[in-house]
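The values are calculated or read from the model by the stated rules, or taken from the named source; none is laboratory data. A quick note: this is a predicted structure, and the numbers were derived from the prediction, not measured. All Cβ positions, even for glycine, are placed from backbone atoms using ideal geometry, and neighbour counts span all protein chains on display. With ligands, DNA and RNA removed, areas are computed over all heavy atoms of the protein, side chains included. Shrake-Rupley method; radii C 1.70, N 1.55, O 1.52, S 1.80 Å.
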Amino acid sequence: MKQFTIGEEKQPFYYLLLTDFDKKVKTARWLDNVANSLYLNQNVKKKSDNFELLYLTCAGNKNCNPNIFILDKKRSWICGENPSCLKEGEARQGCDIYTTFIEP
C-alpha cells in the first residue's frame, strides 16, 4: 500500500497490509523503497529506532486504518487519523492498537 503521513509533514510511505475482514483487524509493516523496489527492513542502524521493525495491528470498525503520524520530526504508527492515541491515558473509541516487535 502507498499512503501519505499525517501531522507536521505529508510524506509518501509504503507498507504491507494484512486484513481480516470478518474480525475487522488490520496489521501493517513498514516497507523500505529502494530504487523503486520495496523491502522489509531487517537492519536498523540505531537500536533505539525500531519504528521500521514494528508490526502495527488495528482492531475495530470505526476509522481504524493504519497511519503514520509525524510530530517533532518523529514518526509514530497510529490507527485512524486522530493522534490522541499517542498520549498516555487518552481513550480511543472503536479502535484498539497493538504493536509487535520481532527482533531479527
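At 1.4 Å probe size, with no ligands or nucleic acids counted, give the accessible surface of LYS74 in Å², nearest ten.
It works out to around 130 Å².
How much area per residue is accessible in region 1-82 when the probe is 1.4 Å and only protein heavy atoms are counted (Å²)?
66 Å²
Using a cut-off of 15 Å between beta-carbons, work out the net charge of the residues near THR19 (Lys and Arg +1, Asp and Glu -1, THR19 not included).
Spelling it out: positives minus negatives among the neighbours equals +2.
Measuring from label point to label point, each 7 Å out along Cα→Cβ, what is the ASN61 to ALA35 span in nm?
4.7 nm
Go through 58-68, 27-37 and give me the packing order, highest mean Cβ count within 10 Å leading.
The peptides rank, most packed first, as 58-68, 27-37.
Among residues other than MET1 whose Cβ falls under 12 Å from its Cβ, what is the net charge (Lys/Arg +1, Asp/Glu -1)?
Once all neighbours under 12 Å are counted, the net charge is +3.
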